Amino acid sequence: MIEYIPFIAVVTMIFIGLYAVLFRRNLIKIVIGITIIESGVNLFLIILGYREGGVAPIFTSLPAGTTYPAGMVLPVPQALTLTSIVIGVAVLALMLSLVMHIYRKYGTLDVRKIRRLKE
Amino acid sequence: MNNIDVLIEQSPALIIAIPLLGAFLMPLVSRINSTVRNIFGLLVLCLTGFFVGMLASDVLANGPRLYIFGAKDLAVPMVRILFEVDSMSIFMALITMVLAFIAMIYSWSFMKDHDGLDKYYTLVLLLITSTLGMELTGDIFNFFVFLEISCIASCALIAFWISEGEALEAAFKYIVVSAIGALFVLFAIGMLYAQYNALNIATLANVLKYTFLDKIILVLLVVVLGMKAGLVPMHMWLPDSYGRAPPSVTLIIMGATLASFYGVVRVIFTLYGNVLSTTMRFSIPLNVLVGWILITLAIISIIVGVAMALIQSDLMRLIGFSAVAEVGYMFLAIGAGIAALGTPYATTALHGGILHLLNDALDIGLLFLVAGAVYYVTKKRSLDDISGLARNMKYTTVFFIIGLLAVAGMPPLNGFASKFLIYESVYQLNPILSIVAILCSILMLAVFVKVFYAVFMGPELPAFKNVTEAPKSMLLAMGLVAALAIFIGLFPNLVIDALVKPAADALLNHAQYIGTVVGGI
C-alpha cells in the first residue's frame with residue numbers, strides 16, 4: 001500500500017489543479033492551478049525513476065560500493081523532469097506577464113468580466 | 001560518399017538548427033537595419049527550404065531516413081534522440097515551409113509600421129523551428145519539447161498586438177489550453193516510459209502491448225493533440241487566436257496546428273499501429289471504435305464551424321470558424337481511413353485527408369491573407385464597417401474569389417480535388433456522412449459569398465474613397481498562394497502521385513517505420 005501513496009499524491013495534485021483551472025474565476029488562481037498540475041506531472045516522472053536506496057545518478061561521483069547501474073536511480077526521468085521544469089518556468093512567466101497586461105487593460109482579474117471576444 | 005550525400009545525411013539536424021540559429025541571430029541582425037533583417041529572414045528560410053527539399057527528394061526515393069543525436073551504438077542505451085523522417089513527416093515539413101515562405105513575404109510590408117519587429121521575426125523563426133521539430137522527430141519526449149516551444153512562440157505571437165485587450169484575452173485562452181494539454185501529453189509520455197522503458201516512437205510501437213494504461217495513454221494523446229488541432233469540443237481557442245493574431249503569422253500558427261494534427265495521425269497509425277486490429281469489448285476492433293469517434297467529432301466540427309461562421313460579424317473570426325470546419329473535413333477523412341482500415345476506399349480517404357491538409361492550409365491561408373490586406377487598408381474588422389472595396393482593390397478581390405471558391409470546394413480549384421476524394425470514400429462508409437459534408441460545404445460557399453458582398457461589393461463608403469491596393473509584397477504572397485491553389489486544382493494527380501500517396505503509404509506501412517529504427521541499428 002505504502003508504495004502507492006506517491007501515485008495517489010500525483011493524481012490528487014492533478015485533480016486539484018484541474019479544479020482550480022475549471023472553477024476558479026481569478027486569472028492568478030488559474031495560473032496557480034496550471035502550476036500545480038505541472039508539479040504533479042513532475043512528481044510522477046521523479047517517482048518513475050526512483051529505486052529504493054538508490055543514489056543520485058552521477059557517474060563520476062558514485063559512492064564506494066555502489067553497483068552500477070543497479071544502485072542508482074534512473075537518470076532519464078530526472079533529465080525529463082529538468083527539461084519540463086525549465087519549460088514550465090517559461091510558460092509560467094509568459095502567463096503571468098499576460099495576466100499583468102490583461103489587468104492593465106481590463107482593470108480586473110475576474111474571468112466573467114474579461115470576455116470581449118464572446119459575440 | 002560525395003558532398004551531396006553528406007548534406008542529405010545531416011539535413012534533419014540542419015533543418016532544425018538553421019532556423020533556430022537564425023531566430024537567435026535575428027535581434028543582432030535587426031540592429032543593422034530593417035531591409036537587412038527582412039533579407040536575413042528570407043535567407044534563413046531559403047536555406048532551410050533547400051535542405052527540406054533535398055531531404056524530401058531523398059526520402060521519397062529511398063524510404064525513411066534516420067538521424068541520431070548522441071550515442072551511435074547501443075552500449076549506452078537511451079542517451080540519444082532519434083529523428084526519423086518518412087514521407088508523411090517530409091510532406092508536413094514541405095507544407096510548413098511553403099506557409100512560412102508566404103508569411104515571411106507577406107510580413108515584409110504588412111508589419112512595416114510596427115515596432116518590436118526583431119522580436120516578431122525571432123518568434124516567427126522559433127515557431128517554424130518547433131513546427132519542423134514536431135514533424136521530423138522520432139522521439140516522443142522530443143515531440144513534447146517542440147510542442148511546448150510552439151505553444152510559447154505562438155502564444156507570444158497571438159498577443160503581439162498587445163495594445164488590444166482582445167489579443168491578450170485570446171493569447172491567455174490559448175496558453176491555458178495548450179499548457180494543460182502539453183502537461184497531459186507529458187503525463188502520457190511518463191506512463192509510456194514507465195511501462196516500456198523507452199521514449200522512441202518506433203521502439204514503443206514495436207513493444208506496445210495494449211494494456212489498460214495504454215488505453216488511457218491513447219485517449220490522452222488523441223484528445224490533447226486533437227484539441228490543439230482544433231477538433232470540436234475544445235475548438236473555442238482557435239477562432240479567437242486565429243482572429244486576433246496578426247494575419248501575417250496566422251499562416252504559421254496554422255502550420256503549428258497542422259503539426260498537432262500530424263501528431264494525432266502519427267500516434268494512431270504508427271504508435272498504435274500494431275494493436276489497431278485488437279478486438280475490444282462487444283467484439284468491436286479498436287480501429288473501428290477510434291475511427292468512429294473521430295468521425296463523430298469531425299462531423300460535429302464541420303457543422304459547428306460552418307454554423308458559427310454564419311453568424312460572425314468579425315471577418316477574421318469568421319474565417320477562424322471556417323478553419324474549424326476544414327479541420328473537421330481532415331478528421332473526417334482520417335477517421336474514415338481508420339474505421340475502414342484495409343479496404344480500398346480507406347486508402348482513398350487517407351489520400352483525400354492528407355491532400356486536404358495542404359489544401360486547407362492554402363485556402364484558409366489565402367483567406368486570412370486577404371482579410372489581412374482588408375484590415376491593412378481599412379483598419380476595420382467588422383463586416384458592417386467595410387463595403388465596396390472592389391473598386392479600389394482589384395487584385396485582392398480576385399484573390400478573395402479564388403479563396404472562397406477553393407474553400408467551398410468548387411472545381412477547378414484545389415479544395416474540390418481533396419473534398420471530392422473525401423466525399424467519394426466516406427460515401428462508401430456511410431452515405432449520410434458524405435451528405436452532411438457536402439451540405440456544409442455548400443453552406444460554406446453561402447457564408448463566403450455573403451462576406452464577398454459585404455466587403456467587396458455594395459456602396460462605396462466615403463471613408464474608403466481613397467483606399468489603395470495592398471502593397472506589392474502582400475499581393476505577391478497572395479498571388480503565390482492563389483497560383484498554388486489553381487495549380488493543385490488543375491493537376492491534383494501530380495501532387496497526389498508525388499507526395500500524397502507516399503505519405504499515405506508511410507502511414508499505413510508502420511512496420512517500415514518501426515523496422516528503420518529497430519532493425520537498422
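The values are calculated or read from the model by the stated rules, or taken from the named source; none is laboratory data. Please read these numbers as outputs of a predicted model, since none were measured by experiment. Please note: Cβ atoms are built from the backbone with ideal geometry, for glycine as well, and neighbour counts cover all protein chains shown.
A few comments on the model shown:
- So residue B:247, is it within 14 Å of another protein chain (Cβ to nearest Cβ), out of contact with any strand residue (DSSP E or B) (no Cβ under 7 Å at 6 or more places or on another chain) and crowded, with 24+ Cβ neighbours inside 10 Å: no
- Some residue of region B:282-303 being under 28 Å from residue B:199 (Cβ atoms), part of a helix (DSSP H, G or I) and touching a Leu at 6+ places or on another chain (Cβ under 7 Å): yes
- Of the residues contained in region B:471-493, none is found to be in contact (Cβ under 8 Å) with a residue 60 or more places away in the chain, buried (at least 19 other Cβ atoms within 10 Å of the Cβ) and basic (Lys, Arg).
- Residue within region B:332-351 that is assigned to a loop (DSSP other than H, G, I, E, B) and either hydrophobic (A, V, I, L, M, F, W, C) or not assigned by TED's automatic domain parsing to the domain that holds residue B:399 (or both) present: yes
- Odd one out for residue B:73, checked against (1) at pLDDT below 90; (2) touching a helix residue (DSSP H, G or I) at 6+ places or on another chain (Cβ under 8 Å); (3) among the charged types (D, E, K, R): (2)
- Count of residues meeting criterion [within 18 Å of residue B:225 (Cα to Cα) and either of a type in the set (Gly, Ala, Ser) or not assigned by TED's automatic domain parsing to the domain that holds residue B:404 (or both)] in region B:315-331: 3
- When A:35, A:60 are checked against the criterion of being over 22 Å from residue B:194 (Cα atoms), assigned to a helix (DSSP H, G or I) and modelled with pLDDT under 85, A:60 stands alone in meeting it.
- Looking at B:215, B:228, B:209, just one residue is out of contact with any His (no Cβ under 7 Å at 6 or more places or on another chain), more than 14 Å from chain A (Cβ to nearest Cβ), assigned to a helix (DSSP H, G or I) and over 30 Å from residue B:255 (Cβ atoms), and that residue is B:215.
- Hits in region B:172-181 - residues which are facing chain A (nearest Cβ under 7 Å) and either closer than 22 Å to residue B:263 by Cβ or among the basic types (Lys, Arg) (or both): B:175, B:176, B:179, B:180
- Hits in region B:150-169 - residues which are under 18 Å from residue B:118 (Cα atoms), in a helix (DSSP H, G or I) and at the interface with chain A (Cβ under 9 Å from one of its Cβ atoms): B:152, B:155, B:156
- Members of region B:364-400 found to be β-branched (Val, Ile, Thr) and within 15 Å of residue B:475 (Cβ to Cβ), listed by number: B:370, B:374, B:377, B:396, B:397, B:398
- Qualifying residue in region A:9-17 (condition: touching a residue at least 40 places away in the same chain (Cβ under 8 Å), in contact with a Ser or Thr (Cβ under 8 Å, 6 or more places away or on another chain) and not in a loop (DSSP other than H, G, I, E, B)): no
- Considering region B:182-196, the residues that are surrounded by fewer than 22 Cβ atoms within 10 Å (Cβ to Cβ) and without any contact (Cβ under 8 Å) to a residue 24 or more places away in the chain include one that is farthest from the other protein chains (Cβ to nearest Cβ), namely B:196.
- Within region B:333-351, residues that are of a type in the set (Phe, Trp, Tyr) reach partners that are assigned to a helix (DSSP H, G or I) and surrounded by fewer than 24 Cβ atoms within 10 Å (Cβ to Cβ) with beta carbons closer than 8 Å, at six or more positions or on different chains, in the pairs B:345/B:424; B:345/B:428; B:345/B:429.
- Of all the criteria given as (1) surrounded by fewer than 17 Cβ atoms within 10 Å (Cβ to Cβ); (2) within 10 Å of another protein chain (Cβ to nearest Cβ); (3) among the polar types (S, T, N, Q), the one not satisfied by residue A:84 is (1).
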